[in-house]
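Undergrad: Can you keep this structure in mind? I'll have questions shortly.
What follows draws every value from the coordinates through simple rules; no lab data is involved. None of the values given here were measured: they were computed from a predicted structure. Positions of Cβ are generated from backbone atoms using ideal geometry, with glycine treated the same way; all protein chains shown enter the neighbour counts.
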Amino acid sequence: MRIELEINGDTRSADDVWEGESLLFVLRERLGFPGSKNACEQGECGSCSIYLDGNLVCACLVLAGQAQGARVTTVEGLAEDLDLHPVQEAYLKAGAVQCGFCTPGLIMATHELLERKAQPSDAEIREALAGNLCRCTGYEKILDAVRLAAKARA
Amino acid sequence: MAGPANEVDGLGRCQGGKGLEFLQPTSLTEALELKAAHPGAVPLAGGTDLMVDLNFDRLRPEAMLDLTRIDELKQWWPHDDLIRLGAGVSYTRLVSEIGEYLPGLAIASRTIGSPQIRNRATVGGNLGTSSPAGDALPPLLAAGAEIEVASAGSSRRMPFRDFMIGPKKNALAPEELIVAVHIPKARGPQQFSKIGTRNAMVISVASFALAIDAGTRAISCAIGSAGPVILEAPEADEFIESSLEESGAWDARSRIDNSVLQRFGELVAQGARPITDVRGTKAYRQHALAVIAARTLTWAWDDYMASA
């Protein structure tokens, strides 16, 4: 089947999409958006977090056809040209990136949190990031990054 | 679109050797007609359960019936003393838009999965999967919810206890779809508790929901993840109702004695029918239920005592 959707502001399409494949597979393997990571394929790790019509979702749990005509924002869509998004800057400054595999998903989840709640409490940060796993950092630097990003907005 | 058996496509992905049709109705009428024509089609809402099975090659139906384009399923509205909750309302929306009417279901909804999961997952999906570990299900039973299902040309409503009939089994006929849930607005405090290995993203090892009807002075319990279906605990209900009556606690709004809380927990644990599996033993589940039942009752009763 043919899938047409808007990704980071541009209309994109993919042909010969198998009816049983995920939006994540379409993004990564057919349309060249590898920023959303493929790890667990069961919604556990959050590494493939994207916006689908404004809602933060795991792209691995969206059937490709369900995204027909949808508006998608991936981590590639946050920076403007070479200027990183403030959330990305905060992750760099806080040293919240080690192997980096979970980082795109965590940046998307952080972005979504701060859009919704500009100055979140620690409990709200923990709840918002509960769907994203990191196996390197122990999360402390990640929490620092979120606090830093929130401070930058204040 | 089918390839030959076990064909690996150009991207190295096995397509399972079976064609799969993608059906995307835009109205409930159209969806029911499609379901009648394709009884083997698997209804798909948020995909948070079913996509895992598709991704891991455990599910290869003849067709997927996408329900996310049907506006009628995404609506909710109050009628009489009930909320009619469309099967396709996400948990995120349920918590923010309807939580005040359905506090027990809202508390449980907020514990489901993660923000990403709650943005997609629906009560209709939890009902369709009918897992004993479905976290939205004990609050539905405790609140006395009814399930509305439909097929082309007809619809019917049944109490939750008649809907879920076994582990991952329900009373839905092949040509039917889950349309809505009718849930009485809370008539008193409601609470929910569950046990698992962490807060987010767990499958409950045991769960418990409780609803107080402050008007009729009734208490309803429901036990999850500790039996083949969501279980009621009528002996625990009757015990706590009569204890509160005899001690005058309803009028005095006084604390419940520890001995009463403990007996209540024991009766809940005795009402469970748990098994030992990969997530926990039968003994652990029974012990955990006694603890969380007493704790949940305490929370709900604290709310009752604080209410004017």
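Undergrad: Whole Å is fine, so just give me how far the alpha carbon centre of segment B:223-261 lies from that of segment A:82-111.
TA: 49
Undergrad: What do you get when you divide the Cα radius of gyration of the protein assembly as shown by 2.2 N^0.38 Å, with N the number of residues?
TA: This ratio for the protein assembly as shown stands at 1.03.
Undergrad: Measure of size requested: the Rg and Dmax of segment B:203-303, with Cα atoms as the atom set and Å as the unit; please supply both.
TA: So, for segment B:203-303, Rg and Dmax equal 13.5, 45 Å respectively.
Undergrad: Taking only the C-alpha atoms, wrap a convex hull around chain A and report its volume per residue in Å³ as a whole number.
TA: 102
Undergrad: Sticking with this one: Among A:77, B:102, A:91, whose Cα sits farthest toward the positive end of the charge dipole of the protein assembly as shown (+1 at Cβ of Lys/Arg, -1 at Cβ of Asp/Glu, about the Cα centre)?
TA: Value: A:91.
Undergrad: Along each of the three principal axes of the Cα atoms of segment B:35-98, give the extent in whole Å, ordering the values from largest to smallest.
TA: Cα spread of segment B:35-98 along its principal axes, largest to smallest: 43, 26, 18 Å.
Undergrad: Over the Cα atoms of chain B, what Rg and Dmax result, in angstrom?
TA: Using the Cα atoms of chain B, the pair Rg, Dmax is 20.7, 73 Å.
Undergrad: For the protein assembly as shown, with only Lys/Arg (+1) and Asp/Glu (-1) charged at the beta-carbon, what is the dipole magnitude about the Cα centre, in debye rounded to 20?
TA: Dipole size: approximately 1000 debye.
Undergrad: Tally Lys/Arg at +1 and Asp/Glu at -1 over every other residue whose Cβ is under 12 Å from the Cβ of residue B:249; what's the total?
TA: Neighbourhood net charge equals -2.
Undergrad: For a quick check: sort B:59, A:52 by the number of other beta carbons within 10 angstrom, fewest at the front.
TA: B:59, A:52
Undergrad: Sticking with this structure for a sec: Treating the beta-carbon of each Lys and Arg as +1 and of each Asp and Glu as -1, no other charges, what is the dipole magnitude of chain B about its Cα centre, to the nearest 20 debye?
TA: Once rounded to the nearest 20, the dipole reads 820 debye.
Undergrad: Still on this structure, I have one more. Of B:177, A:57, B:219, which is farthest on the positive side of the dipole of the protein assembly as shown, counting Cα position, with +1 on Lys and Arg Cβ, -1 on Asp and Glu Cβ, and the Cα centre as origin?
TA: Of the candidates, B:219 comes out farthest on the positive side.
Undergrad: About the Cα centre of segment A:3-77, how large is the charge dipole given +1 on each Lys and Arg Cβ and -1 on each Asp and Glu Cβ? Please answer in debye to the nearest 20.
TA: That gives segment A:3-77 a dipole magnitude of about 220 debye.
Undergrad: Sum up the charges of everything whose Cβ sits under 12 Å from the Cβ of residue B:146, counting Lys and Arg as +1 and Asp and Glu as -1, but leave residue B:146 out.
TA: Net charge in that neighbourhood comes out at +2.
Undergrad: Related question: Could you work out how far the C-alpha centroid of segment A:112-147 sits from that of segment A:1-60, in angstrom?
TA: 23
Undergrad: In vacuo Debye scattering of segment A:18-65, one point per C-alpha: log10 I(q)/I(0) at q = 0.17 Å⁻¹?
TA: Log10 I(q)/I(0), no solvent term: -0.40.
Undergrad: Looking only at A:20, A:69, A:46, which one moves most when chain A is put into a Gaussian network model with springs between Cα atoms under 10 Å?
TA: Result for chain A, Cα springs under 10 Å: A:20 fluctuates most.
Undergrad: Which residue, chosen from B:262, B:243, B:275, occupies the Cα position most advanced towards the positive end of the dipole of segment B:234-297, where the dipole is computed from +1 (Lys, Arg) and -1 (Asp, Glu) charges on Cβ about the Cα centre?
TA: Result: B:275.
Undergrad: Something else about it: What is the angle, in °, between the Cα long axis of helix B:28-37 and the longest principal axis of the Cα atoms in chain B? Nearest 10 is fine, range 0 to 90.
TA: The two axes meet at around 60 degrees.
Undergrad: Additional query: If Lys and Arg each add +1 and Asp and Glu each add -1, what is the summed charge of the other residues whose beta carbon sits under 15 Å from the beta carbon of residue B:94?
TA: +4
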